[in-house]
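The values are calculated or read from the model by the stated rules, or taken from the named source; none is laboratory data. The structure displayed is predicted, hence computed values, not measured ones. A quick note on method: Cβ atoms are made from the backbone with ideal geometry, for glycine too, and the neighbour counts reach across all protein chains shown. These accessible areas exclude ligands, DNA and RNA; they are computed on the full protein's heavy atoms, side chains included. Shrake-Rupley method; radii C 1.70, N 1.55, O 1.52, S 1.80 Å.
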Amino acid sequence: MVSEYLVEADCFTIRCDVSVYRPSPLSNMQKHLLDTDADVMFHVAGEKFSAHRCVLRARSPVFKAELSRASTSGSSCIRIDDMLPQVFKSLLHFIYTDSLPEVTGVEGSMMAEHLLAAADRFGMQGLKLICEEKLIRELNENTAAKILKLAVQHNSSFLREACFVFLSDPPVLEAAMAMDDGLLEQVAKICPALLKKMWAYEDDPMQDELDMCLTVCDEFLAVI
């Protein structure tokens, strides 16, 4: 008796749908963060955080150097200045899991700004890229000046270029300037070429301001 499933050349096809879940290689360590095998303690603005030297060394060249100095001095406690405890907690979360806690809205924007600073401070390029991408999504006339300042402060060429592209349209720059009077001078110092490009628009309503900032730019370049 011939099976009804053998429709051609006595063959049949089996389809299998396979889903693969690949957890972070560090995810299993996260639950042991406060266990007795943690061998280093951080003090951050009055709060204490336990961690593992081997994990921190593998994830951050700055932590690696800092832990080496601590080992030389025999200290198992490291103080972190100029950082909020919740930011350091998110930093450790990323170190152990390659992900960030879910934070949205204004709080999420502020956390991205703080974590950008932390990523630059501890040499963590993966975290820095995540923060840059989040801040770029929030780039508008209201935030351009602040994000450009962050890009300069924390050595983010990716973020800086995104700001320049956004501000290269004179009407957009004019709207952004209305939110921050110092933006034009800031652009003049950081990217005079962009300012000169905008200066080419003879009918630009900001012509007087552009002339003044180009003068400031020339004086600034002469000093450096």
Checklist line | Farthest positive-ward along the stretch 63-150 dipole, Cα basis, beta-carbon charges - from Ile147, Thr104, Gly126 | finding: Gly126
Margin query: Quick query: amide H of Val40 versus all other amide H atoms, modeled in the peptide plane; which residues come in under 5 Å with a sequence gap of 5 or more or a different chain?
Written below: Ala51, Arg53
Next item on the list: Find the accessible area per residue for the stretch 111-156; the probe is 1.4 Å, ligands and nucleic acids are left out, and the unit is Å².
Entry: 43
Checklist line | Scaled radius of gyration (Cα, divided by 2.2 N^0.38 Å) that the stretch 113-172 gives | finding: 1.07
Notebook entry, point to check: Can you give me the relative contact order of the stretch 37-77 as a percent, contacts being Cα pairs under 8 Å and 6 or more apart?
Noted result: 36
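At R0 = 45 Å, how high is the FRET efficiency between Leu129 and Arg15 if r is their beta carbon distance? Nearest 0.05 is fine. Can you show the working numbers first?
Values: r = 38 Å, r/R0 = 0.84.
Once the sixth-power term is evaluated, E becomes 0.75.
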Note to self: Which residues among the stretch 61-88 fall inside the zone where the amide N is under 14 Å from a point 7 Å beyond the Cα of Glu107, along Cα→Cβ?
What the structure shows: 86-87
Notebook entry, point to check: Does the stretch 44-128 come out rounded, prolate or oblate by the C-alpha gyration tensor, with a ≥ b ≥ c the root eigenvalues, rounded set by a/c under 1.5 and, if not, prolate when a/b is larger than b/c and oblate if not?
Noted result: prolate
Next item on the list: Give the ranking of Glu141, Glu132 by solvent-accessible surface, highest area first, calculated with a 1.4 Å probe.
Entry: Glu141, Glu132
Check: Ordering Met177, Met41 from largest to smallest accessible area (1.4 angstrom probe), what's the sequence?
Finding: Met41, Met177
Next item on the list: Compute the signed sum of charges (Lys and Arg +1, Asp and Glu -1) over the other residues within less than 12 Å, Cβ to Cβ, of Lys48.
Entry: +1
Next item on the list: Enumerate by residue number the GluC sites (Glu not before Pro) in the stretch 36-106 meeting two conditions: DSSP loop (anything except H, G, I, E, B), and at most 16 other Cβ atoms within 10 Å of the site's Cβ.
Entry: Glu102
